[in-house]
Amino acid sequence: MRGLNIPQIDLNKELSKCESMEDLVGKNGLMQRLFGNIIQQFLEAEMEEHLGREKYERNNVRDKNYRNGHSSKNIKTSFGEAAIDVPRDRNANFEPKIVKNMKLYAMNLIRKS
């Protein structure tokens, strides 16, 4: 399984654009954009674990369960809404742990006050 891929951004430049806390943690803020990217990578890692192999890797076992595209989804988190693409498998039995199927809110990703 691959490591976490940090998005190629100039963090200092992005932070200098933030004029308020809203720019940092509000709707379409820097944290929301970074958070959506991280969640996407977690979903891809979950799919690799589910299938037992990395993306594009094939095996000679009779298991014909492979990746089968993505489903777009908007989730609500502490940082606002994030657009993600949930991976699918051919057997339709992939159930992500971090963002449950058929759920709009990622409850484990919402800050408790």
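Laboratory data are not the source of any read-out in this text; all were calculated from the coordinates shown. Here the structure is a predicted model, which means the values were calculated and not measured. Please note: Cβ atoms are built from the backbone with ideal geometry, for glycine as well, and neighbour counts cover all protein chains shown.
Just a few scattered comments:
- Theoretical FRET efficiency, 1/(1+(r/R0)^6), r = Cβ-Cβ of K100 and E19, R0 41 Å, to 0.05: 0.70
- Phi-based couplings in Hz for the range 70-75 (Karplus 6.51, -1.76, 1.60; Gly and Pro marked x): 9, 10, 6, 8, 10, 10
- Under-5 Å amide H pairs with N91, H placed in peptide plane, nonlocal only: Y66
- Cα centroid separation - the range 81-101 against the range 24-72, whole Å: 8
- In the calculated pair-distance distribution of the range 2-83, the portion above 23 angstrom amounts to 38 percent of the Cα-Cα pairs.
- Residue-by-residue Karplus 3J(HN,Hα) for the range 26-42, coefficients 6.51, -1.76, 1.60, Hz, glycine and proline x: x, 4, 6, x, 4, 4, 4, 5, 5, 5, x, 5, 5, 4, 4, 5, 4
- Ranked by the mean number of other Cβ atoms within 10 Å of their residues, highest first, the peptides 41-52, 14-25, 68-79 come out as 41-52, 68-79, 14-25.
- Legend: residue pairs K55/K100; K17/K73; K13/K55, Cα-Cα distance threshold 24 Å; pairs beyond threshold, K17/K73; K13/K55.
- The 3J(HN,Hα) values that the Karplus relation (6.51, -1.76, 1.60; θ = phi - 60°) gives for the range 43-59 are, in residue order, 4, 5, 5, 4, 5, 4, 5, 4, 7, x, 7, 7, 4, 6, 7, 10, 10 Hz. Gly and Pro appear as x.
- Here each label is just a point 7 Å from Cα along the line to Cβ, and for I38 and D85 those points are 2.2 nm apart.
- Anchor K64: aspartates and glutamates whose Cα lies under 19 Å away (excluding residues fewer than 8 positions away in-chain): E44, E46, E48, E49, E54, D89, E95
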